[in-house]
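The values are calculated or read from the model by the stated rules, or taken from the named source; none is laboratory data. Given the structure is predicted, the values throughout are model-derived calculations rather than measurements. In this analysis, Cβ positions are derived from the backbone assuming ideal geometry, glycine residues included, and neighbour counts consider all displayed protein chains. When the accessible area is computed, the model is the full protein with side chains, heavy atoms only, and any ligands, DNA or RNA have been set aside. Shrake-Rupley method; radii C 1.70, N 1.55, O 1.52, S 1.80 Å.
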Amino acid sequence: MTAVDSAQFHWPVRVYIEDTDAGGIVYHARYLHFMERARTEWVRSQGIALRRGLDENVSYVVQKMAIQFRQPAKLDDELWVTAVLTGSGRVWFGFDQKVIRQSDGAVLAEADVKVACVALDSGRPRALPESMQAIVREQ
């Protein structure tokens with residue numbers, strides 16, 4: 001059993017019918033949605049305005065993800081989705097993410113995610129904006 005450390009960034013998610021198959025089990029692709037929301041909320045929690053990035057021709061895309069599914073989440077489960085910064089480079093940063101069932105602390109899925117910074121107009125890699133560089137240096 002794993003508990004969520006209160007100092008660790010985590011985002012609450014409830015499993016809705018739209019997240020499940022006919023048997024009430026969360027469809028595998030929905031875990032990616034849950035993790036995306038947690039990473040987005042981590043960025044917001046760091047004081048980064050997402051709309052401002054769009055105005056400055058900045059976007060972030062998942063470049064690489066390795067995910068392991070351990071146990072299924074089910075309809076009405078309440079989950080914690082974590083996002084822990086693990087490293088960064090000139091144009092990327094990485095996260096360790098877990099989907100944890102709140103009721104028993106079970107890790108349902110975990111992923112190693114690499115996110116690249118790209119220019120919106122070209123889709124080509126670009127250096128992390130200074131605001132994001134400052135955050136990743138602090139972590």
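Annotations
- Label-point separation in nm, HIS28 to ILE67, each point 7 Å along Cα→Cβ: 0.9
- Of the trypsin sites (Lys or Arg not before Pro) found in the range 28-99, the ones in coil according to DSSP and having at most 10 other Cβ atoms within 10 Å of their Cβ are ARG90.
- Taking all protein chains as they are arranged and a probe of 1.4 Å, the heavy atoms of TRP80 leave approximately 70 Å² accessible to solvent.
- Under the simplified labelling scheme, the LEU50-TYR16 pair shows an inter-label distance of 1.5 nm, with each label point 7 Å from Cα along Cα→Cβ.
- For VAL58, the residues whose amide H sits under 5 Å from its own are LEU120, ignoring neighbours fewer than 5 places away on the same chain, with H placed 1.01 Å from N.
- Residue-normalised accessible area of the chain, expressed per residue, 1.4 Å probe, Å²: 57
- Under a model in which nothing but the beta-carbon of Lys, Arg (+1) and Asp, Glu (-1) is charged, the range 100-139 shows a dipole of about 160 debye around its Cα centre.
- Taking all Cα pairs closer than 8 Å and separated by 6 or more residues, the relative contact order of the range 59-139 comes to 34 percent.
- Taking amide H as placed 1.01 Å from N in the peptide plane, the amide H of LEU108 sits under 5 Å from that of VAL99, ILE100, ARG101, each at least 5 places away or on another chain.
- Extension gain for GLN139 to LEU75 (0.36 nm times residue separation, less C-alpha to C-alpha distance): 19.6 nm.
- Only helical runs count toward this figure. For the chain, summing -39,500 (n - 2.57) over DSSP H runs of n ≥ 4 and dividing by all residues gives -6500 deg cm²/dmol at 222 nm.
- Accessible surface of the chain, 1.4 Å probe, proportion on carbon and sulfur as whole %: 49
- A full extension of the chain between ALA106 and SER131 corresponds to an added length of 5.5 nm, given 0.36 nm per residue minus the alpha carbon distance.
- In loop segments of the range 30-139 as defined by DSSP, the GluC sites (Glu not before Pro) with at most 15 further C-beta atoms inside 10 Å of their C-beta are GLU56.
- Over all Cα atoms in the chain, the spread is summed up by Rg and Dmax: 15.7, 47 Å.
- On Cα atoms only, tilt of 30-45 relative to the major axis of the chain in degrees: 50
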